[in-house]
Amino acid sequence: MESIYYVMAWACHRKCRHCYEDRFRPYVRGQLDAVVREAEANYPRIVDHFPARMTYLDQDDPRPDGTFPEKTGRIVLSGGETLIDPVRERVTYKVIERLASKYAAQGGVRIVLQTTGDLLTDAIVGDLLDRGVWMISVASVDDFHVGLEGPEKQARFVDGLTALFERHGMRKSGLSASTRNWHEEEGPRYSFFGATPDSWIGKLWPRGRAWQNGLSGATLADNFCNRWSGGLNFLRHAYNGSEVSVEPDGSVYPCCVKTKLPIGSLLEDELIAILDSLVGEPAYEAITMGHPERMGIAHGWSEATFVERSATVTPKGAPYRNLCIGCDRFHEQVLGPILEAARARRRAVRAAGLASRRQPVPTADVER
């Protein structure tokens, strides 16, 4: 597989107004311990259920003989904030170590650590590189992050972190965060991005606090599905362009924006088994092709019906229409039983495999 976006824990030291997830926020005392314990308890099984190899065949870069080269994929470790206490020691470092060990003899993996950047120190950068992190990606260079409003503050922030990274022999990524293939560079690397029109995303998501605060200006023309880190190609896990998002409880989604329902759980099933169980399901084939407006055709929802049900009113009272809204409603009204049927099929396969392993091995008759 080319890419996994793994949200390890909900805890964050910020509560940004543009965030796509309400659960990313500061937690204190017992609440903080609860979200850290969830992440700590679940990450071993989640990582163990990642693909056996994090490699993919790149159809965009064929060899002269027409075959496709096998390339190393990436796992983006995110939050929340991955570096706050106690997430850093109890979860982040442990996940990095487990990933590095899992893939060391299996083609490797590019481990990307995503952070707001304001907690980075020389000691932490050293710890991350020593454990095998290939890139540190600072995802806060925008006006939505308190203290970084305006180009002057952002320039000082970037300059300070650049000096820190380069003291450790890191090089700046030469590719934009919005492109797909930046993980093909040699590491260790560092990068900066933010929620700006020219980097990552201009139209904010109809999700979380961005939605509650009336920040999303996305229209029907803004198809989050038909882009990198959307649902595009998520089912084609053997090839370039496939990515899924994973939450701290093991829930799997075909996009970072997240569908209304998860497609499975890594606490139960291997990731590849989850994806393969949805191959041929019309709704998810439509998502993987980047055309969510077609996901209901097999269930009586024409494209016109889907577009009609993509209309809503924002929390601020303004009319709004985006394909993510139609996708949410189709999941709520139709896809629950389909996902449960896929889960039952996976459970039956697991049970059959367990039963076969328990059968005694017959012994051959010995000629006397």
Of all accessible heavy-atom area on segment 25-152, the percent that carbon and sulfur account for (1.4 Å): 49
Can you work out ³J(HN,Hα) from phi for every residue in segment 207-214, in order, using Karplus 6.51 cos²θ - 1.76 cosθ + 1.60 and θ = phi - 60°, giving whole Hz and x for Gly and Pro? 8, x, 6, 4, 6, 4, 8, x
How large is the convex hull of the Cα atoms of the chain per residue, expressed in Å³ as a whole number? 195
Taking θ = phi - 60°, what integer Hz values does the Karplus form 6.51 cos²θ - 1.76 cosθ + 1.60 yield along segment 313-319, in sequence order, with x for Gly and Pro? 10, 5, x, 8, x, 9, x
Subtracting the Cα-Cα distance from 0.36 nm times the residue separation, let me have the gained length for residue 33 to residue 279 in nm, one decimal. 84.7 nm
Taking the inverse of the average 1/r across all pairs of different Cα atoms in segment 111-212, what Kirkwood radius in Å do you get? 14.4
Extension length gain for residue 297 and residue 22 (0.36 nm per residue less Cα distance), in nm, is 95.8 nm
Nearest-5 percent of antiparallel DSSP beta bridges in the chain? 30
Above 13 angstrom, tally the Cα pairs of segment 42-95 and express them as a % of all pairs, no decimals. 70
Given +1 on the Cβ of Lys and Arg, -1 on the Cβ of Asp and Glu, and no further charges, what dipole in debye does segment 55-163 carry about its Cα centre, rounded to the nearest 20? 500
Using DSSP, restrict attention to beta bridges with both residues in segment 48-198 and report what percent are antiparallel, rounded to the nearest 5. 20
With a 10 Å radius around each residue's Cβ, average the other Cβ atoms per peptide and rank 77-88, 37-48, 264-275, 55-66, highest first. 77-88, 264-275, 37-48, 55-66
With charges set only on the Cβ (+1 for Lys and Arg, -1 for Asp and Glu), what does the dipole of the chain come to about its Cα centre, in debye to the nearest 20? 700
Rounded to 0.05, the calculated FRET efficiency for the beta carbons of residue 98 and residue 65 at R₀ = 30 Å is 0.20
How many Å² of accessible area per residue for the chain, probe 1.4 Å? 45
Magnitude of the charge dipole, segment 133-244, Cβ model with Lys/Arg +1 and Asp/Glu -1, debye to 20: 240
When the chain is fully extended, how far beyond the present Cα-Cα distance does residue 158 get from residue 268, taking 0.36 nm per residue of separation? 35.5 nm
Across segment 284-364, what fraction of all alpha-carbon pairs, as a whole percent, falls in each successive 10 Å bin from zero upward? 16, 32, 20, 13, 10, 6, 2, 0
Provide the convex hull volume over Cα atoms per residue for segment 73-152, in Å³. 98
Candidate lysines - alpha carbon under 20 Å from residue 102, same-chain residues fewer than 8 apart omitted: 71, 94
Among 176, 348, 235, which residue has its Cα furthest toward the positive end of the charge dipole of the chain, with +1 on Lys/Arg Cβ and -1 on Asp/Glu Cβ? 348
Which whole-angstrom value gives the distance between the alpha carbon centres of segment 114-169 and segment 59-103? 19
Highest mean packing first, using Cβ neighbours within 10 angstrom, the peptides 307-316, 147-156 sort as 307-316, 147-156
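The values are calculated or read from the model by the stated rules, or taken from the named source; none is laboratory data. It should be emphasised that the depicted structure is a prediction, and the values quoted were computed from it without experimental measurement. Neighbour counts run over all protein chains shown; Cβ positions are idealised from the backbone, glycine included. Just so you know, the surface numbers come from the protein's heavy atoms only, side chains and all, with ligands and any DNA or RNA stripped out. Shrake-Rupley method; radii C 1.70, N 1.55, O 1.52, S 1.80 Å.
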